[in-house]
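See below for the structure under consideration.
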Amino acid sequence: MEYIPLLTPPEQQTEPALWFVFQHREMLLPTVADKPELPCCADLAEHGLKPLRRQYLGTYGGSHCYAAELDASDPAPEGWAALGLRELFGHFEETLAALSGRAYQIMDWDRNHQFCSRCGTPTEQRRDERARACANCGRVAYPPISPAIMVLVTRGRELLLARKAEWAAGRYSALAGFVEPGEMLEQTVARETREEVGVEITNIRYFGSQPWPFPHSLMIAFTAEYAGGDVRPDGVEIHEARWFDAGELPKLPQGISISRRLIDTIATRLARGEPL
């Protein structure tokens, strides 16, 4: 089903709407036939809930959608369960899972920007855009987005994969890192590759992107070709790094992340002898 982002809620919410209800870092959902479902109601008061704040999100499949935050001490309704966002990716279809992440990021921003970070004055929600403004000094706060790159380096049929020390044994993924102020994305790709594994690259190409609400990242994935240097993990971000043949890959990340789609896509093309 299609999601349409909107800013202005209906004047009166009389029809059942979909609610993304958060408490702490988890989402509360009723369980129906052992499966979590979004609460669908005109008002959360129908379930005995009084949210601290709410944000209108738009429509999904024609239904209005809201994000809401509960006080940490509020008890969950009977039959409701608390799930982390990563768990939801396994239960909801892709668009709805992504909307859950959007809802969390908007509620997190709303919570953290009730007061102006410059002068301490309470902020007010703007009606013309997703922003909170300070009436005293005029500072406007938008939901933050932290761009991060991901790069899969190839050398013939081989893929350069790495792992962090805290990951499960034998699990590898593509290289990744956050964009620094003043950098172009391609510069970040080259710098992160050099810093993390000591390798130089060329022919950087865009692959795709994915919002990643942990807590508010945007993953931008690239491919690149090996241009020189020995693989030397930095020992800080990267614990191990090595080349793998496209037909003999190690344990990989879950399918919910763009890293898995990136690796699977490129490995399949290399194994078939197709151009990247």
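The values are calculated or read from the model by the stated rules, or taken from the named source; none is laboratory data. Since we're looking at a predicted model, the values are computed, not measured. Note: ideal-geometry Cβ built from the backbone for every residue, glycine included; neighbour counts use all protein chains shown. Areas reflect the complete protein model, heavy atoms only, side chains present, ligands, DNA and RNA absent. Shrake-Rupley method; radii C 1.70, N 1.55, O 1.52, S 1.80 Å.
Some points to look at:
- Here GLU129 and GLU11 are evaluated by their C-beta separation; at R0 = 25 Å the FRET efficiency comes out at 0.80.
- A Cβ-based charge dipole, computed about the Cα centre of the stretch 155-211 with Lys and Arg at +1 and Asp and Glu at -1, lands at about 340 debye.
- Antiparallel bridges, percent of DSSP beta bridges restricted to the chain (to nearest 5): 75
- Rounded to 5, the percent of DSSP beta bridges in the stretch 134-276 classed as antiparallel: 70
- Qualifying lysines (Cα of each under 19 Å from Cα of LYS251; at least 8 residues distant if same chain): LYS164
- Taken along the Cα-to-beta-carbon direction at a fixed 7 Å, the label points for ASN112 and ARG157 span 4.6 nm.
- Estimated at 0.36 nm per residue, the fully extended path between GLU46 and ALA271 surpasses their Cα-Cα distance by 75.5 nm.
- The residue list PRO16, MET27, ASN203 was ranked by how far each Cα lies along the charge dipole of the chain toward its positive end, using unit charges on Cβ atoms, and ASN203 comes out on top.
- Residues with amide H under 5 Å from that of HIS239, placed H, sequence gap 5 or more: ARG163, LYS164, ALA165
- Hits among lysines - C-alpha to C-alpha of LYS50 under 30 Å, sequence gap 8 or more where chains match: LYS35
- Dipole check for the stretch 106-221: with +1 at the C-beta of Lys and Arg, -1 at the C-beta of Asp and Glu, and the Cα centre as origin, the magnitude is about 200 Debye.
- Packing order of peptides 265-274, 99-108, 61-70, highest average first: 99-108, 61-70, 265-274 (average count of other Cβ atoms within 10 Å over each peptide's residues).
- Computed from point charges on the beta carbon alone (+1 for Lys and Arg, -1 for Asp and Glu), the dipole magnitude for the chain about its Cα centre is near 400 Debye.
- By a 1.4 Å probe calculation restricted to protein chains, ASP74 has an accessible surface near 50 Å², given to the nearest 10.
- Per residue, the chain exposes 52 Å² of solvent-accessible protein surface, assessed with a 1.4 angstrom probe and all protein chains in place.
- Expressed as a whole percent, the accessible area of the chain that falls on carbon and sulfur atoms is 48 (1.4 Å probe).
- Range of Cα positions in the stretch 1-103 per principal axis (Å), largest first: 29, 28, 24
- Candidates ALA148, ALA224, ALA33: whichever shows maximal mean-square fluctuation once the chain is modelled as a Gaussian network with Cα springs under 10 Å: ALA33
- Selection from PRO250, VAL189, PRO215, by position along the positive dipole direction of the stretch 149-276 (Cβ): PRO250
- Between GLU200 and SER73, the simple label model (points 7 Å from Cα in the Cβ direction) yields a spacing of 6.2 nm.
- Here the chain is described by how far its Cα atoms reach on the three principal axes: 61, 52, 32 Å, from widest to narrowest.
- Helical runs (DSSP H, four residues minimum) scored at -39500 (n - 2.57) apiece and divided by the length of the chain put the mean residue ellipticity at 222 nm at -6000 deg cm²/dmol.
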